1. Output the residues belonging to region 1-31 that are touching a His at 6+ places or on another chain (Cβ under 9 Å) and surrounded by fewer than 21 Cβ atoms within 10 Å (Cβ to Cβ).
2. Which residue pairs have Cβ atoms under 7 Å apart, sit 6 or more places apart or on different chains, and have a first residue in region 52-67 that is of a type in the set (D, E, K, R) and a second that is surrounded by fewer than 19 Cβ atoms within 10 Å (Cβ to Cβ) and part of a loop (DSSP other than H, G, I, E, B)?
3. Hey, can you tell me all the residues within region 20-42 that are in contact with a Phe, Trp or Tyr (Cβ under 7 Å, 6 or more places away or on another chain) and over 16 Å from LEU6 (Cα atoms)?
Amino acid sequence: MSKVRLGIIGFGNIGASHAKLIAEGQVPDIEITAIADGSQEMRARAVELFGNDFPVFSDGKGLIKSGKTDAVLSPFRITSTLKLPLRRSVPAFMCYVKSRQAFTQSRFAK
């Protein structure tokens, strides 16, 4: 089975922590294929940590529309502007909500 191609929207502490665990091989069935963050500083941090192995986008919409992911992880609540593109383009996504419980939507399970 091939690896799940993961995009991470938001590269602050939580997003970077997940990315590091994946890059270290602690989640062997997942590979990072894209990162997005609105902050130039965070995008630079992603490039510093991972080089140019995958694209780094300035917003989540660009990442979603790129077609480079099978799943998206967002360490923050997905805004309504991203929900429709996610539903149309990405088979699975996970985000953290205020209660800190994970919300996931997946078409893999169907």
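Each value in this text was obtained by applying a stated rule to the coordinates, not by laboratory testing. Source: prediction; values computed, not measured. Please note: Cβ atoms are built from the backbone with ideal geometry, for glycine as well, and neighbour counts cover all protein chains shown.
1. Residues of region 1-31 that are touching a His at 6+ places or on another chain (Cβ under 9 Å), as a first pass: 6, 8, 27.
Residue satisfying the conditions is VAL27 alone.
2. Listed by first residue and then by second, the contacts come to ASP59/GLY38.
3. Going through region 20-42, the residues in contact with a Phe, Trp or Tyr (Cβ under 7 Å, 6 or more places away or on another chain) turn out to be 23, 32-37, 42.
Within region 20-42, MET42 is the sole residue that qualifies.
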